[in-house]
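Asks: Can you read through this structure? Questions will come right after.
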Amino acid sequence: MPQTIQLETPQQSQTEPSALLAFLSSYAENKGALLATIVFLFIALAALFAPWLAPYDPIEQFRDHMLMPPCWDVRGSMHFFLGTDELGRDILSRLMHGARVSLSIGVLSVIFSMVPGVLLGLAAAFFPHYAGPAIVRVMDILLALPGLLLAICVITVLGPGLANTMIAIAIGALPGYTRLARAAALGEINKEYVTASRVAGASTLRLMVNTVLPNCMPPLIVNATLSFSAAILETAALGFLGLGVQAPTPEWGTMLAAAREYIDRAPWVVTMPGLTILVSVLSINLMGDGLRDALDPKLKRLG
């Protein structure tokens, strides 16, 4: 019997790990992004396991220990590592549970803005004579207002609360994703691989989702990372103004708002949530810079 000769072809499974390893190697070269990733993972794990790691219930009040300083102060106690607030609640427990709220709002608001924003951007790019002008005009109207001001307007209409905060922040971030997805798709739509897929009989939906969208993902991923940090800041700002998450739910912005009257006699009540917001946002921004450099080496060389 004649023997069948099989030609060796590179396997996709070998290509994908090599691309992943190249991405991880490029990301690890950015020491700031690597350190920020470790810090953010620490915060995320503390938020995820807060019900088991937090020493106390976040709304439990210890009336005999109100405004107790952190443990390194001579008046402090190891029972309350970061001290207590004006109602005698453990600050460390409230920060850990507040991380669950803030990070959850950030993740969900990014998802709620990214998915419809990308779909609208692709529709505007593929239908420039029909849906495109209308979508662009609506996004221009939304961009006329700053994100936080737009979120305040939405909260004023819908009312304060956890779900409405996510919706308000998502609406404010929607135009950025739409315009970015449209610009990225317009840069890809006339390339040879898209033309070849169109000639091969691919439908418009297949061209949008399977052909063009994967090549538009790097800038969208970076934008999602930066939008995540912006969402945390806006959540804290809305909570500070009394328009976001309502008491007694622990949230970093509401903790700042409640503690501002005690900034002179108990500065740790304001410092702890403020530092937590600062470290969280800074670490996410540094991670975004690392992702940008790893996903687009040209920007790294230019920088």
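Asks: Restricting the first residue to the stretch 112-137 and requiring it to be free of Cβ contacts under 8 Å to residues at least 60 places away in the same chain and of a type in the set (Val, Ile, Thr), which pairs with a second residue that is buried (at least 16 other Cβ atoms within 10 Å of the Cβ) and assigned to a helix (DSSP H, G or I) meet a Cβ separation below 7 Å and a spacing of at least six or different chains?
Replies: 135/120; 135/123; 135/124; 135/178; 136/124
Asks: Follow-up question, since we're still on this one. Identify, please: which residue in the stretch 271-303 is aliphatic (A, V, I, L, M) and at pLDDT below 90 and is, among those, farthest from the chain's Cα centre (by Cα)?
Replies: At the first step, the residues of the stretch 271-303 found to be aliphatic (A, V, I, L, M) are 272, 275, 277-279, 281-282, 284, 286-287, 291, 294-295, 299, 302.
Okay, now just the ones that are also at pLDDT below 90, so 291, 294-295, 299, 302.
Numbers: 291: 13, 294: 18, 295: 18, 299: 22, 302: 26 Å.
Checked the stretch 271-303; the qualifying residue farthest from the chain's Cα centre (by Cα) is 302.
Asks: Does residue 119 meet the test of being surrounded by 16 or more Cβ atoms within 10 Å (Cβ to Cβ), out of contact with any helix residue (DSSP H, G or I) (no Cβ under 6 Å at 6 or more places or on another chain) and not polar (S, T, N, Q)? Even if it seems obvious, please write down each step before you answer.
Replies: Details: surrounded by 16 or more Cβ atoms within 10 Å (Cβ to Cβ): yes; out of contact with any helix residue (DSSP H, G or I) (no Cβ under 6 Å at 6 or more places or on another chain): yes; not polar (S, T, N, Q): yes.
So residue 119 passes the test.
Asks: Related question: Is it true that residue 26 is of a type in the set (Gly, Ala, Ser), at pLDDT below 90, in contact with a helix residue (DSSP H, G or I) (Cβ under 8 Å, 6 or more places away or on another chain) and surrounded by 14 or more Cβ atoms within 10 Å (Cβ to Cβ)?
Replies: yes
Asks: Would you call residue 63 at pLDDT 90 or above, among the basic types (Lys, Arg) and under 20 Å from residue 255 (Cβ atoms)? Show your work before the answer.
Replies: Working: at pLDDT 90 or above: no; among the basic types (Lys, Arg): yes; under 20 Å from residue 255 (Cβ atoms): yes.
No, not satisfied.
Asks: Something else: Only one of these conditions is not met by residue 212: (1) surrounded by 14 or more Cβ atoms within 10 Å (Cβ to Cβ); (2) closer than 30 Å to residue 44 by Cα. Which number is it?
Replies: If we test residue 212 against (1) surrounded by 14 or more Cβ atoms within 10 Å (Cβ to Cβ); (2) closer than 30 Å to residue 44 by Cα, just (2) comes out false.
Asks: Here's something else I'd like to know. Which residue pairs have Cβ atoms under 6 Å apart, sit 6 or more places apart or on different chains, and have a first residue in the stretch 46-60 that is touching a residue at least 60 places away in the same chain (Cβ under 8 Å) and a second that is outside any loop (DSSP other than H, G, I, E, B)?
Replies: Final answer for the pair search is 58/93; 58/94; 58/97.
Asks: Would you be able to tell me the number of residues in the stretch 249-275 that are buried (at least 24 other Cβ atoms within 10 Å of the Cβ) and within 23 Å of residue 160 (Cα to Cα)?
Replies: If we filter the stretch 249-275 for residues that are buried (at least 24 other Cβ atoms within 10 Å of the Cβ), which is where we start, we get 250-255, 269, 273.
Right, trim to within 23 Å of residue 160 (Cα to Cα) and you get 250-255, 273.
Residues that pass the stated criteria total 7.
Asks: Does residue 139 satisfy the criteria of being surrounded by 15 or more Cβ atoms within 10 Å (Cβ to Cβ), touching a Phe, Trp or Tyr at 6+ places or on another chain (Cβ under 9 Å) and either on the phi > 0 side of the Ramachandran plot or in a helix (DSSP H, G or I) (or both)?
Replies: Numbers: surrounded by 15 or more Cβ atoms within 10 Å (Cβ to Cβ): yes; touching a Phe, Trp or Tyr at 6+ places or on another chain (Cβ under 9 Å): no; either on the phi > 0 side of the Ramachandran plot or in a helix (DSSP H, G or I) (or both): yes.
So residue 139 does not fit the description; no.
Asks: Kindly indicate whether residue 165 is farther than 29 Å from residue 206 by Cα, of a type in the set (Val, Ile, Thr), touching a Gly at 6+ places or on another chain (Cβ under 9 Å) and assigned to a helix (DSSP H, G or I). Steps first, please.
Replies: Values: farther than 29 Å from residue 206 by Cα: yes; of a type in the set (Val, Ile, Thr): yes; touching a Gly at 6+ places or on another chain (Cβ under 9 Å): yes; assigned to a helix (DSSP H, G or I): yes.
Yes, satisfied.
Asks: I've got another one for you. Give 74, 107 a once-over and let me know the one that is among the β-branched types (Val, Ile, Thr), in a loop (DSSP other than H, G, I, E, B) and surrounded by fewer than 18 Cβ atoms within 10 Å (Cβ to Cβ).
Replies: Numbers: 107 fails: in a loop (DSSP other than H, G, I, E, B).
It is 74.
The values are calculated or read from the model by the stated rules, or taken from the named source; none is laboratory data. As the structure is a prediction and not an experimental result, all values here were calculated from the model. So basically every Cβ, Gly included, is an ideal-geometry build from the backbone, and we count neighbours across all protein chains shown.
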